[in-house]
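**Student:** I am attaching a structure below and will ask some questions about it afterwards.
Bear in mind that the values in this text are calculations on the coordinates, not laboratory data. The model shown is predicted, which means the values in this text are computed figures rather than measured ones. Reconstructed Cβ throughout: ideal geometry from the backbone, glycine too, with neighbour counts over all protein chains shown.
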Amino acid sequence: MHVVIMGCGRVGSTLARNVEDRHHTVSIIDVNPEAFRRLPAQFSGAKVTGPGFDQRVLEAAGIQRAGGFAAVSSGDNSNIIAARVARETFGVDNVVARIYDPRRAAVYQRLGIPTVATVRWTADQVLRRLLPDGSEPQWRDPSGMIRSSDQQVPDAWVGHKLAEFEESGARVVFVTRLGEGMMAAPDLVLQDQDMLHLVMAEATAAAVQESIGGGPEESY
């Protein structure tokens, strides 16, 4: 697959190397030709100087044959414009834009433009490590209606079946046991140190967590 990347900063240059390491072709765009110095000497992709939302620049980068486009420059507006041009003008299906402003990220996500909100992502990562297990979600859908989270099985649930645990209102997508993923099954007996990967409604998340914390006797 051919991938076009806009922005040759630390993220863009790392992404370009990773794409090549996976044996795909890549072109990288930046308005500053000095930015290409971040690329390794063995980089074999195209380096295109210019604004990544300019159609001629995108064409020079091979956007017509691209299977993916990533806009990861330092400007939110440039990233969104470039992502829309790649998708709407050139018909690239796999498009993603990096956004610093989390409020903008939510708006564009609802418009169908996949975004990575770096500030929100970093804050969420820190919160998940500061606050009690399971209290902060791993992911929320763009509408804010559904959340997913990872939670080590509480001691009170060890020895109980997964079907009983799910009566709390959470749904277990899969279980990680001793470093290996396992598909969720109703008759799976929970063991100590199991990591549960949960999905639940945002509106009932607090009640679900309370029910989980109360143990099997207080499940509903």
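**Student:** Which whole-Hz ³J(HN,Hα) couplings does region 66-83 yield from phi under the Karplus relation 6.51 cos²θ - 1.76 cosθ + 1.60, θ = phi - 60°, glycine and proline marked x?
**Tutor:** Using θ = phi - 60°, the values come out as 6, x, x, 9, 10, 9, 10, 6, 7, x, 4, 4, 4, 5, 5, 4, 5, 5 Hz.
**Student:** Size of the dipole of the chain about the Cα centre, Lys and Arg at +1 and Asp and Glu at -1 on the beta carbon, nothing else charged, in debye to 20?
**Tutor:** Dipole size: approximately 1400 debye.
**Student:** Could you derive backbone 3J(HN,Hα) for region 2-12 from the dihedral phi with the Karplus parameters 6.51, -1.76 and 1.60 (θ = phi - 60°), listing whole Hz in sequence and x where the residue is Gly or Pro?
**Tutor:** Per-residue couplings from phi come out as 9, 10, 10, 10, 9, x, 10, x, 5, 6, x Hz.
**Student:** Å³ per residue of the Cα convex hull, for the chain?
**Tutor:** Output value, Cα hull per residue: 144 Å³.
**Student:** Same structure again: Could you give the length gained by full extension between ASP155 and GLU202, i.e. 0.36 nm per residue of separation minus their alpha carbon distance, to one decimal place? Numbers along the way, then the final one.
**Tutor:** On the way: separation 47, 0.36 × 47 = 16.92 nm, distance 2.44 nm.
So the extension gain works out to 14.5 nm.
**Student:** As a footprinting exposure proxy, order HIS160, HIS23 by other Cβ within 10 Å, with the fewest listed first.
**Tutor:** Details: HIS160 15, HIS23 7.
Final ranking by Cβ density, sparse to dense: HIS23, HIS160.
**Student:** I've got another one for you. So if each residue of separation counts as 0.36 nm, and I subtract the Cα-Cα distance between SER44 and ARG177, what length gain in nm does that give? Mind dumping the intermediate values first?
**Tutor:** On the way: separation 133, 0.36 × 133 = 47.88 nm, distance 4.11 nm.
The span from SER44 to ARG177 would gain 43.8 nm if fully extended.
**Student:** Can you work out the FRET efficiency for the pair GLU34 and ASP101, with r the C-beta to C-beta distance and R0 = 22 Å, to the nearest 0.05?
**Tutor:** It comes out at approximately 0.25.
**Student:** Once you place label points 7 Å from the Cα toward the Cβ at ASP187 and GLU59, how far apart are they in nm?
**Tutor:** 6.3
**Student:** Per-residue HN-Hα couplings for region 91-105, Karplus 6.51 cos²θ - 1.76 cosθ + 1.60 at θ = phi - 60°, whole Hz, x for Gly and Pro?
**Tutor:** Along region 91-105, the couplings run x, 6, 6, 8, 10, 9, 10, 7, 10, 7, 7, x, 5, 5, 4 Hz.
**Student:** Check which residues have an amide H placed less than 5 Å from GLN191's amide H, if you skip close sequence neighbours.
**Tutor:** Long-range HN contacts for GLN191: GLY159.
**Student:** Residues with amide H under 5 Å of ALA117's amide H, sequence separation 5 or more or different chain, H placed in the peptide plane at 1.01 Å from N; which?
**Tutor:** ILE99
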